[in-house]
Every structure is written in C-alpha cells, then in structure tokens.
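Some notes on the structure that comes next.
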Amino acid sequence: MEIIVTGKSMDVGDALRTHVTDMIGAMAEKYFERAQNASVVFTMENGRVTTDCHIHLPTGLFMTATNTGHEPYPAFDQALEKLDKQLRRYKRRLRSHHGARREKVTSFSANYHVIDSNSDEASEPEGFDPLIVADMEMQVQEFTVGEAVMQLELSHKPAMMFRNAGHGGLNMIYRRDDGHIGWVDPSNGSNS
C-alpha cells in the first residue's frame, strides 16, 4: 500500500512519517486484505495542526477523517481513531447487509465544471452561459443505493452522483437539511 505523508506550512520529520505509515498500514490490514493507497496531510495554521487522512479501499470507496490539535501526533492519532471507527462500521455493514464486495467498483469518466457564482449580472455573457472557472474530470462509480449512501456518509460530502447497479441509470443522493438522505432516481419518474 502506498502511503503519502505531506506537510503544509510545517516540516514532517522522519519519525512522524514512520509513525503515520506504521499506524495507517496496521489499521488498513486489520479490516481489509489490501488497501490501494492513503494520504495524510498535516497543516499548520495559527499554532494548531490539522490532520487530514484519506484512504482508498480496494472496492473503490474513499474514507476521510480530519482532526485539529496543538501537536501533530495527537492530532493524527485522533483522526486515525475516526478512520478506524468508519472502517469498522463499513466492514460491519458489508458483512450484515450487503455481503462482502469482492469485485472492484466500476466507473466512468465525466466532465466536472466549477461555475463562478459570484459573477455580476451585468458581466454575464449573452445566452446566460455561466462563467466556468475550472474544468476537471471525475469518476462516476457504480454502486447499489445502499453502497452509495455508505459512501456519502463516509465522505462527508453534501451530494454524490453514481450509476445505479440495479438498472444502470444515473442517480444522485444528497444530504438534506433535516439530516436525512435524499435520493434522485430519474429512471423511475414519468415523462408525461
């Protein structure tokens, strides 16, 4: 497993890098036979250290955890505890509800655009085409609805698009203001 440890506005020494590599490796092996890669970023800001941990599982799922503290070791250890808890829950859910997914999650590429929402109405181009400030590529993965909900919960993102493994159509799930998860499935709508 490849583990990348970096620092922003701070130097990550060999001792901290070794600690992170050993701890992430041991945790990943505890829950999965193999994990693809992980990254840990330490950021120093206003005398506090923020630790962002990301791990990519062999099924294609991503898990993230963040913690802030005064020292890098405790900040990392607490973020790792959060990751450990997520992995434990995910593994339990796979066993009890969805069966262990052995095959890799399939995906396809899609264009991802960031639109400038701060543009002045007077400066809007003709045709009301929005100003695109970034153009990237993202992967849309194929999940069951249950797997997509787990991925959304684990990623802490507000919304996620996925290909529904049940019928092959594009679906979206999102976190509602009331805390529940919303699911948009255009294939079940009527066209009348």
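The values are calculated or read from the model by the stated rules, or taken from the named source; none is laboratory data. Remember, it's a predicted structure, so these values are computed and weren't measured experimentally. Cβ sites come from the backbone with ideal geometry, for glycine too, and all protein chains shown count toward neighbours.
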Just name the residue that is modelled with the lowest pLDDT out of those in the stretch 165-186 that are among the small types (Gly, Ala, Ser) and outside any strand (DSSP E or B).
Gly179
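Going by the structure shown, is Tyr112 aromatic (Phe, Trp, Tyr), surrounded by 11 or more Cβ atoms within 10 Å (Cβ to Cβ), outside any loop (DSSP other than H, G, I, E, B) and modelled with pLDDT under 75?
Numbers: aromatic (Phe, Trp, Tyr): yes; surrounded by 11 or more Cβ atoms within 10 Å (Cβ to Cβ): yes; outside any loop (DSSP other than H, G, I, E, B): yes; modelled with pLDDT under 75: yes.
So Tyr112 passes the test.
Could you list, in sequence order, the residues of the stretch 44-58 that are part of a loop (DSSP other than H, G, I, E, B) and under 26 Å from Gln141 (Cβ atoms)?
Those that are part of a loop (DSSP other than H, G, I, E, B) and under 26 Å from Gln141 (Cβ atoms): Leu57, Pro58.
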Of (1) modelled with pLDDT of 90 or more; (2) part of a strand (DSSP E or B); (3) not hydrophobic (A, V, I, L, M, F, W, C), Arg17 fails just (2)
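Conditions tested, residue by residue: (1) among the aliphatic types (A, V, I, L, M); (2) touching a helix residue (DSSP H, G or I) at 6+ places or on another chain (Cβ under 6 Å); (3) surrounded by fewer than 17 Cβ atoms within 10 Å (Cβ to Cβ).
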| residue | (1), (2), (3) |
| --- | --- |
| Gly47 | no, no, yes |
| Ile55 | yes, no, no |
| Glu71 | no, no, yes |
| Pro74 | no, no, yes |
| Leu83 | yes, no, no |
| Leu87 | yes, yes, no |
Could you grab the pairs with beta carbons closer than 7 Å, sequence gap of 6+ or different chains, first residue in the stretch 147-161 and under 16 Å from Thr66 (Cα atoms), second one outside any helix (DSSP H, G or I) and at pLDDT below 80?
Leu154/Leu61; Ser155/Phe62
When the residues of the stretch 20-36 are narrowed to those that are touching a strand residue (DSSP E or B) at 6+ places or on another chain (Cβ under 7 Å) and either among the small types (Gly, Ala, Ser) or modelled with pLDDT under 85 (or both), which ends up surrounded by the fewest Cβ atoms within 10 Å (Cβ to Cβ)?
Gly25
